[in-house]
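To start, the structure under review is shown below, and the notes come after it.
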Amino acid sequence: MTTLRTAAAMALVCAVLSFSAPLSAQKYGGILRLSADADPPSLSIHEEATNRTTYTIGPTYNYLVTFDPFDPVESLETIRPDLAERWEWNAAGTALTFTLRQDVKWHDGKPFTARDVKHTFDVVRGAGTSKLRLNPRRLWYGNVDSIETVGDHEVVFKLKRPQPSLLSMLTSGYSPVYPAHVDVAQLRISVMGTGPFKLASYVRGRTIELVKNRDYHVKNRPYLDGVNFSIITSSASHMAAIASGQVEGANPSYTTKPIANTLKATNSDLKFYPMVTSATANIVVNTNKPPLNDLALRKAMNLAMDRSGIVKSVYQGGAVIGATMLAPPGGVWGLNPEQLNRLPGYGDGEANKAEARAILASKGYGPGNPLKVVISTRALHTYVEPAIWAIGELKAVGIEAQLRQVETGNWFSLVARRDFQMAMNATGLGTDDPDIQFYENYRCGSQRNYSDYCNPDVEKMVDQQSAEGVFVKRLPMVNQVDIRLQRDVARPILAYRIYYHPHQPYVKNWIPHVSSFNGWRFTEVWLDK
């Protein structure tokens, strides 16, 4: 799979590793103090769709396999053992066998076994006796026919057809292994993991405190005695906490380029990791709610959005333009600039707006009769600022949009029940993989397909690319799905953000990943003070 790595991607890796590579003089001890900009909706990673949960709770769990913590660009090449010592595909690509570690214990001292793996992923794919309240990634595992254990330390995922992406799905920060002996409902309010840290306390709206797991199965890890998260919802307070050293690093999605520039100007000692991410600013439109159940009106809305404008104004250059899949160097599956510029909403912004006005006029809308819509968004500045920008873009073509802000704790339940007409959303991928994107966000019936876009022809195309194991054959198939989704206005992608990740210079081995859901185990992080 070396073809997955472009020269540009390698350059990105080298740029980050040049100042973030493992050092030889690691120190033990200390509490890493970090910020979070919101409470996690719950503590159950499998039931949530936000890095507010993976970032704060991920360090308490392990995964079958994990991405190399020192490599920010995830791919099949960077997958490393975690709870599984090794894994192997059968010749047909329809069975994936994991051989598990035998020295792992849950935080309560009970042994980890293959039964826990089977339990976890049977629950997630909807085949277990226990049920998740929300199950945003059930369709990731729609191709799994059965999960079988062989003794206590071997588990086999049997598939209906080949699916190379299964391994990427199991590596995502969204895919921890849960204990079979704890009810899944209990894991919404408490944690029982095998990870390098244990949950010590959680005071909603204030702090989440993790302490070192001194019985961790990886020898001499972690270095830290604990990780404390301060929940700081105010943008000004967040900046002040970073600037003063109250916290030593920031929530992954918090620091936009404008905020990073402000911090740099007054805090010369701070270090930054600028990292293009798989997190998008995107628009979801309720295709079942008038008037935007009309495809022509959705096309007009999409044409009004000048992607280059949001990069320049809202993100001040701290974002890149893309479509459904992130383009290199951060990703490997995205459309190239020539392909993008041929899509509606990309290319010439003024020409696109003129076309939008013509569509609206054909539907009876104009200066004296604007199309009126409500655009909902999460009450965080990273959501509200692009929403305000979008209102201006829509107004320029004759669409009058009213802003509706939703308290952050209610946001995911609101979009899950489709209680919106149009919404400014932020979506990140568990890792840069077509199956993760297509099955989670565009498949008919997926909880995370917030627009309820459903096209049987596209579903066939998605299944076809999923079964292809050769990258050079799969890439054009992925590109064709991407182009079709943009033309169908399935979920207009406005930009991919660059996160700037401020941290104090003495925080070592803290390396953000392209996916904001990965890289937060903190097993290798240490404090040089």
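The values are calculated or read from the model by the stated rules, or taken from the named source; none is laboratory data. Since this is a predicted model, take the numbers as computed values, not measurements. No Cβ is skipped: glycine too gets one built from the backbone with ideal geometry, and neighbour counts run over all protein chains shown.
Structure summary
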item	result
Residue tally, condition in a loop (DSSP other than H, G, I, E, B), under 26 Å from the mean Cα position of the chain (by Cα) and not aromatic (Phe, Trp, Tyr), over the stretch 51-106	11
Residue match in the stretch 453-475 (condition: at pLDDT below 95, β-branched (Val, Ile, Thr) and crowded, with 21+ Cβ neighbours inside 10 Å)	no
First in the stretch 461-478 and within 14 Å of ILE436 (Cα to Cα), second anywhere and among the β-branched types (Val, Ile, Thr) and buried (at least 18 other Cβ atoms within 10 Å of the Cβ), Cβ under 7 Å, 6 or more apart	VAL462/VAL481; GLN465/VAL478; GLN465/VAL481
The one condition in (1) over 27 Å from ARG52 (Cβ atoms); (2) modelled with pLDDT of 95 or more that TRP106 fails to fulfil	(1)
Answer from VAL184, VAL117 - the residue that is surrounded by fewer than 23 Cβ atoms within 10 Å (Cβ to Cβ), in contact (Cβ under 8 Å) with a residue 24 or more places away in the chain and of a type in the set (Val, Ile, Thr)	VAL184
Residue in the stretch 278-296 that is of a type in the set (Ser, Thr, Tyr), in contact with a helix residue (DSSP H, G or I) (Cβ under 7 Å, 6 or more places away or on another chain) and farther than 22 Å from ASN228 by Cα present	no
Of all residues making up the stretch 168-178, the number that are among the aliphatic types (A, V, I, L, M) and in a helix (DSSP H, G or I)	2
Check on TYR442, surrounded by fewer than 23 Cβ atoms within 10 Å (Cβ to Cβ), among the hydroxyl-bearing types (Ser, Thr, Tyr) and out of contact with any strand residue (DSSP E or B) (no Cβ under 8 Å at 6 or more places or on another chain)	no
THR262, sole failed condition from (1) under 22 Å from ILE310 (Cα atoms); (2) in contact (Cβ under 8 Å) with a residue 24 or more places away in the chain; (3) not in a strand (DSSP E or B)	(2)
Residues of the stretch 179-222 satisfying the condition of being in a loop (DSSP other than H, G, I, E, B), of a type in the set (Ser, Thr, Tyr) and over 23 Å from the mean Cα position of the chain (by Cα)	TYR216
Residue in the stretch 158-167 that is part of a strand (DSSP E or B), in contact with a strand residue (DSSP E or B) (Cβ under 9 Å, 6 or more places away or on another chain), farther than 21 Å from THR53 by Cα and modelled with pLDDT of 95 or more present	yes
ILE483 being aliphatic (A, V, I, L, M), surrounded by fewer than 24 Cβ atoms within 10 Å (Cβ to Cβ), more than 19 Å from PHE70 (Cβ to Cβ) and under 22 Å from the mean Cα position of the chain (by Cα)	yes
Residue in the stretch 248-266 that is touching a Pro at 6+ places or on another chain (Cβ under 8 Å), surrounded by 15 or more Cβ atoms within 10 Å (Cβ to Cβ), of a type in the set (Phe, Trp, Tyr) and at pLDDT below 95 present	no
Selection count, the stretch 223-259, where residues are β-branched (Val, Ile, Thr), more than 17 Å from ILE31 (Cα to Cα) and either in a helix (DSSP H, G or I) or without any contact (Cβ under 8 Å) to a residue 12 or more places away in the chain (or both)	1
Qualifying helices (runs of 4 or more DSSP H) (wholly inside the stretch 367-481; at least 1 residues being in contact with a helix residue (DSSP H, G or I) (Cβ under 6 Å, 6 or more places away or on another chain) and closer than 28 Å to GLU77 by Cα)	434-441, 456-467
Hits in the stretch 143-161 - residues which are closer than 19 Å to ASP433 by Cβ and either surrounded by fewer than 17 Cβ atoms within 10 Å (Cβ to Cβ) or touching a Pro at 6+ places or on another chain (Cβ under 8 Å) (or both)	LYS160, ARG161
Number of the condition not met by LEU429 [criteria: (1) under 18 Å from ALA323 (Cα atoms); (2) of a type in the set (A, V, I, L, M); (3) at pLDDT 95 or above]	(3)
Filtered residues of the stretch 159-178 (kept if over 23 Å from the mean Cα position of the chain (by Cα) and within 24 Å of GLY128 (Cβ to Cβ))	LEU159, LYS160, ARG161
